[in-house]
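Notes follow the structure.
The values are calculated or read from the model by the stated rules, or taken from the named source; none is laboratory data. Remember, it's a predicted structure, so these values are computed and weren't measured experimentally. Cβ atoms come from the backbone with ideal geometry, glycine included; neighbour counts cover every protein chain shown.
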Amino acid sequence: MTNNLLDEKYWTTRYLNYSTAWDAGEVTLPIKQYLDQLINKEIKILVPGAGNGHEVIYAFENGFKNTHILDISLLPLGLFEKACPEFPKEQIHHQDFFEHTGQYDLILEQTFFCSLPPTIREEYVKKMKELLKPSGKLVGVLFGVDFKKEGPPFGGELEEYRQLFSNEFEIVKLETCYNSIPPRMGTELFFSLRKNQ
Ligand SMILES: C[S@@+](CC[C@H](N)C(=O)[O-])C[C@H]1O[C@@H](n2cnc3c(N)ncnc32)[C@H](O)[C@@H]1O
């Protein structure tokens, strides 16, 4: 990642200080309900910036055995391994997202985008596209509000996201999230993007 003070040390310190208000403690409803309606469980899924990996555990325990977890900080990945000991080690990536290589059918976004400095949002879009197979999808939630203070979390607005993603992706859905968890209700957008060939 280029020019970023929000590095591994920053995030590990947040975990060490229990300064992790982003952690919902379980899979969030938008991701759960999205996964619940998928029929093909053979798909290869990546959850970047997954932290303790509640979404990954839910996917894995519900039959999506080819799910991969990635985080720049080792600390939450260690907790994840303890919480889900049967999860294959080779599907755990302790790595900067921007250095990851692979090809996925589906990438799930859950409070990772908002943790990155807005200056690297275009880099995020390009990297997501690179990591997806042809017709692969990037799906999840984004904050749809401007927090009016320095992040993380860094917010944004729907039109801004439409412009950001529309060059590289077909926007299948980008709308107010109706099933956010209670503390985030009214602040989130649900989105589903398909990679442009
Ligand atoms: C706001 S937290 C969200 C964690 C998790 N998605 C959740 O909802 O609990 C952001 C996560 O992204 C990770 N992260 C930040 N920058 C990263 C990067 N460049 N590559 C991989 N992970 C990163 C952090 O270590 C942290 O676990």
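Does region 25-40 contain any residue that is aliphatic (A, V, I, L, M), part of a loop (DSSP other than H, G, I, E, B) and under 14 Å from the mean Cα position of the chain (by Cα)?
At the first step, the residues of region 25-40 found to be aliphatic (A, V, I, L, M) are 27, 29, 31, 35, 38-39.
When the remaining residues are screened for being part of a loop (DSSP other than H, G, I, E, B), the result is 27, 38-39.
Add one more test, that the residue is under 14 Å from the mean Cα position of the chain (by Cα), and what stays is 27.
Yes, region 25-40 has at least one match.
Note on region 70-189: enclosed strands (runs of 3 or more DSSP E) holding 1 or more residues that are touching a residue at least 24 places away in the same chain (Cβ under 8 Å) and charged (D, E, K, R) are 104-110, 132-143, 169-176. When region 61-118 is filtered for residues that are under 25 Å from residue 189 (Cβ atoms) and among the acidic types (Asp, Glu), the ones remaining, listed by number, are 71, 105, 109.
If you check residue 140 against the conditions, is it within 14 Å of the chain's Cα centre (by Cα) and at positive phi? Full working, then the answer.
Values: within 14 Å of the chain's Cα centre (by Cα): yes; at positive phi: yes.
The answer is yes for residue 140.
Quick one: is residue 2 modelled with pLDDT under 95 and more than 7 Å from the ligand (Cβ to nearest atom)? Criteria met by residue 2. Kindly check whether there is at least one residue in region 5-24 that is part of a helix (DSSP H, G or I), touching a residue at least 60 places away in the same chain (Cβ under 8 Å) and of a type in the set (D, E, K, R). Yes; the residues of region 5-24 include at least one that is part of a helix (DSSP H, G or I), touching a residue at least 60 places away in the same chain (Cβ under 8 Å) and of a type in the set (D, E, K, R).
The residue that is surrounded by the most Cβ atoms within 10 Å (Cβ to Cβ), counting only those in region 1-60 that are among the β-branched types (Val, Ile, Thr) and more than 25 Å from residue 129 (Cα to Cα), is 12. State which residue is farthest from the ligand (Cβ to nearest atom) when the search covers only region 48-64 and only residues that are in a loop (DSSP other than H, G, I, E, B) and under 14 Å from the mean Cα position of the chain (by Cα). Restricting to residues being in a loop (DSSP other than H, G, I, E, B) and under 14 Å from the mean Cα position of the chain (by Cα), the top hit is 53.
Taking region 95-108 as the range and being over 17 Å from residue 55 (Cα atoms) and more than 9 Å from the ligand (Cβ to nearest atom) as the test, the residues that pass are 101, 102, 103. Among the conditions (1) near the ligand (Cβ under 10 Å from one of its atoms); (2) in contact with a Ser or Thr (Cβ under 6 Å, 6 or more places away or on another chain), the only one that residue 45 does not satisfy is (1).
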